[in-house]
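The block underneath contains the structure these notes are about, expressed in structure tokens.
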Amino acid sequence: MTTLLAGMVLFLLLNLVAGLWRVWRGPSAADRMSAALLFGSTTVAVLVLLAELGGNPALRDVALLLAMLAAILAVAFVGLPGRDDAGGGR
């Protein structure tokens, strides 16, 4: 089971690297925001898996905090006024 969880963490970290490339390469703010949301959800998953692997319940609390921050970030991004490519502009 430990090997499976460690493999999942490695796979998720590789997804983060792919997302970082998308942020760097993204042509629009919406692409960059999508990658940032990917970072948030993937980081939450990595922290939960690491909490299970290491037996550290504090990492679950950090994961919950990051999930809440990602939700606030998404709402703030959609509500930005005056940005045509942000999804919330006029």
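Annotations
- Stretch gain in nm, segment MET68-LEU80, where the contour uses 0.36 nm per residue and the Cα spacing is subtracted: 2.5 nm
- Gain on full stretching of the segment that runs from ASP31 to LEU13 - 0.36 nm per residue minus C-alpha separation: 4.5 nm
- Size of the chain as Cα extents on the principal axes (Å, biggest first): 50, 25, 14
- Alpha-carbon centroid distance for the pair the stretch 37-74 / the stretch 1-16, whole angstrom: 14 Å
- Angle in degrees between helix 58-78 and the longest Cα principal axis of the chain, rounded to the nearest 10: 10 degrees
- For the chain, the carbon plus sulfur part of the accessible surface works out to 72%, probe radius 1.4 Å.
- ³J(HN,Hα) computed for each position of the stretch 49-55 - Karplus, 6.51 cos²θ - 1.76 cosθ + 1.60, integer Hz, glycine/proline x: 5, 5, 5, 5, 5, x, x
- Helix-only CD estimate at 222 nm, as mean residue ellipticity for the chain, using -39500 (n - 2.57) per DSSP H run (n ≥ 4): -28000 deg cm²/dmol
- The three principal axes of the Cα atoms in the stretch 9-53 give end-to-end lengths of 37, 14, 9 Å, sorted in falling order.
The values are calculated or read from the model by the stated rules, or taken from the named source; none is laboratory data. Note that the coordinates shown come from a computational prediction; the quantities given were computed from them, not determined experimentally. Calculation scope for accessible area: heavy atoms of the full protein, side chains included, ligands and nucleic acids excluded. Shrake-Rupley method; radii C 1.70, N 1.55, O 1.52, S 1.80 Å.
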